[in-house]
1. Among all residue pairs at least 6 apart or on different chains, which show Cβ distances below 6 Å where the first residue, located in the stretch 463-483, is touching a residue at least 40 places away in the same chain (Cβ under 8 Å) and under 23 Å from S379 (Cβ atoms) and the second is open to solvent by 60 Å² or more (accessible area, probe 1.4 Å) and part of a loop (DSSP other than H, G, I, E, B)?
2. Within the stretch 168-206, how many residues are open to solvent by 40 Å² or more (accessible area, probe 1.4 Å) and over 16 Å from R82 (Cβ atoms)?
3. Listed residues M133, M109; which is open to solvent by 60 Å² or more (accessible area, probe 1.4 Å), in a helix (DSSP H, G or I) and either touching a Gly at 6+ places or on another chain (Cβ under 9 Å) or closer than 28 Å to E175 by Cα (or both)?
4. With a cut-off of at least 2 residues that are modelled with pLDDT of 90 or more and polar (S, T, N, Q), name the strands (runs of 3 or more DSSP E) lying wholly within the stretch 346-404.
5. Among what's in the stretch 221-244 and is modelled with pLDDT of 70 or more and assigned to a helix (DSSP H, G or I), pick the residue that is nearest to K164 (Cα to Cα).
6. For the stretch 76-97, enumerate the residues that are buried (at least 19 other Cβ atoms within 10 Å of the Cβ) and touching a residue at least 40 places away in the same chain (Cβ under 8 Å).
7. Which condition number in (1) part of a helix (DSSP H, G or I); (2) under 26 Å from S564 (Cα atoms); (3) charged (D, E, K, R); (4) modelled with pLDDT under 70 is the one that E268 fails?
8. Hey, could you check the stretch 511-539 for residues that are of a type in the set (S, T, N, Q) and out of contact with any Ser or Thr (no Cβ under 7 Å at 6 or more places or on another chain) and say which is most open to solvent (accessible area, probe 1.4 Å)?
Amino acid sequence: MLKRSVSEKEVEERMEEDEIVGYVTAYLKKKGFTQTEKVFQEEFQHNKNNSLLEPDIANHLLAFSQLESGPARFHDGYSRLRSWTYSSLDLYKHELLRVLYPVFIHCFMDLVAKGHIQEARNFFNTFREDHEMMHLRDLQKLEGVLSPAHLKEMEFAHSLRKCKFNIKICEYSYELLLQHLHSTQSTTILGIINEHINFQVSPGQPSLISDDPEAVTLTGSSQEAANRINQKEIHWGLLEDSLEERLEKAGALLSDSEKGEGEAKEGENDESKKRSIEGGKQGASVKKVKKDKSGTGTGKSAKPEANTVPAAPRVKPELPLPIIPTEVEQSILEDLRNRVQLSSVALPSVSFYTFINTHNGLSCSSISQDGSLVAGGFSDSSLKVWDMAKLGQQPINSLLQAENDTSQNEQVFAQSGGKRQYTLFQGHSGPVYAASFSPVGDFIISSSADSTIRLWSTKLNANLVCYKGHNYPVWDVQFSPVGHYFASSSHDRTARIWSMDRIQPLRIMAGHLSDVDCVQWHANCNYIATGSSDKTVRLWDVQSGECVRVFVGHRGMILSLAMSPDGRYMASGDEDGTIMMWDLSSGRCLTPLIGHTSCVWSLAFSSEGSILASGSADSTVKLWDVNTSTKVSRAEEKSGNANRLRSLKTLPTKSTPVYSLRFSRRNLLFAAGALAKSG
């Protein structure tokens, strides 16, 4: 190669010529390039006989070297590779296209590192459209690099430089790529590929386009590192002596008909809550959507599908658990007794709260366990909480009919009169990015761009504590299933565990290579899961603060997480609309769920774990059959069938991106979002 550092040249000058030839020959033999080895030996003998170069030949080589050292070589080399790739046969094109992104970003970073800033910007802007669909977040970070100093200081760029891309490719595609690189003789592109890409060459035909989520990964966050961490033992079972376990032992579960009556009672309560809300300054109003039960009424008496999955093991808590008041315990038991058994033939009823007239100011929403309270976090730094019971006292001013089928009766209510119909919580000094109700609903926790977390009392309507610890915006915060403890995630690439009675974090989880965008508690409170812009999900032990699982496979930043009630499975949703179902014990992806066309902002498992609900920016709620995904036959496992999870139903909204989802203990599904202006 012509591109060498001074130290490399000095070393080579000291080495014997025959020794160099021996190394090259051995390498070519190892790779099986017999034809290339033969040509190399012939050229070496020819050069040995004509060791003195004529002056004009030397001048030509010097001119070629100078041409290859200019900034234009990056643009020309990438442009030729791009044109060749897009003109390849469709059978191999999708594999060859995987090479373009690593080459693109390293061409850009090499230009910046050499001080060719204007050429770097031109190169970046010329070819960025090729990669915006798959790597938009990465491009947004890199476009802020304006000098070699920026490149050295940026953690993301540093990780790209330090790690290699692993690219899966079939043998024939690999041979085609080698032939192209040999024919173009671009030492620049060849050098980038040699230095920054590892090819995992497989025999046979190319893999399916959507078959392998790990086709392109970074060594620093890929299966190589994940496999080492995933050997650690985890205890994913449920807590000993939980309320559910006590209920099962007492044999107090009601018959199916009684459960149906229980849900009907809950439905009546919900109907009484449907009333108007005015958003005050922001004019934010809420509407509630009630799905017609006529389609699922008979399903409630149907027996649930047989489930051969063994019962979850019992584990001891690693954190001291708060004492549950007797009246709260009785209320939870009552809900569990009246829980509706869901299945693929008995889908949940859905209540949808829609914020209107938010003027694009709604940043997040949250729903309490029983759906009685709805919170909205806004970009003007306010947090607003609506009490559904109090809304029932307001007169109806307007009604907007549904645009969907008759099974969904969507109604918009707006109150008359100027009195504010929500509780306003003020204290943050930046947009509120997340909010979470405690299990009982007496507290709400919020996180903000001001890098703080605030605890509010819904009884006193006051701020109780301001928690400071993160150095940058806090993207997400979630109460634990038992209350008292909460977890947060931030732009500072950490997640933290807190308790209500301490202003300093109990644990700090560090390990992600980029923003930690979402956080979720495990059902037994011994673990938390974090989703990051580095496209990985991690599982952490709350007692030790140690990472015990790394889940690799997403191609975009992870925006939502959900844990199954038995603690066995986890679902994660990303910015591309893909959902992945994971087995926590093995760290393996059971199946990707394809269907959404935009970001998946919220995920929720039903109370018994048979249904997964997903809410997306594409303005739909989808229901998935979890049981089919977990019953994987050995034949399917070997064949790698990637579409085992069945989509049961898609519920479109009236142009309302879905911000949050919540299953009540009785298995009523609540959802919330902000109506987007069409046109």
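1. Listed by first residue and then by second, the contacts come to P473/H491.
2. Number of matching residues: 19.
3. M133
4. Working: elements: 350-356, 362-367, 373-378, 382-387.
The qualifying strands (runs of 3 or more DSSP E) are 350-356, 362-367.
5. The qualifying residue nearest to K164 (Cα to Cα) is A226.
6. Within the stretch 76-97, G77, Y78, L81, Y92, E95, L96 meet the criteria.
7. (2)
8. Q520
The values are calculated or read from the model by the stated rules, or taken from the named source; none is laboratory data. Bear in mind that the values here come from a model prediction, so they are computed numbers and not experimental data. In this analysis, Cβ positions are derived from the backbone assuming ideal geometry, glycine residues included, and neighbour counts consider all displayed protein chains. Ligands, DNA and RNA are stripped out before the accessible areas are found, and what is left, the full protein with its side chains, is counted by its heavy atoms. Shrake-Rupley method; radii C 1.70, N 1.55, O 1.52, S 1.80 Å.
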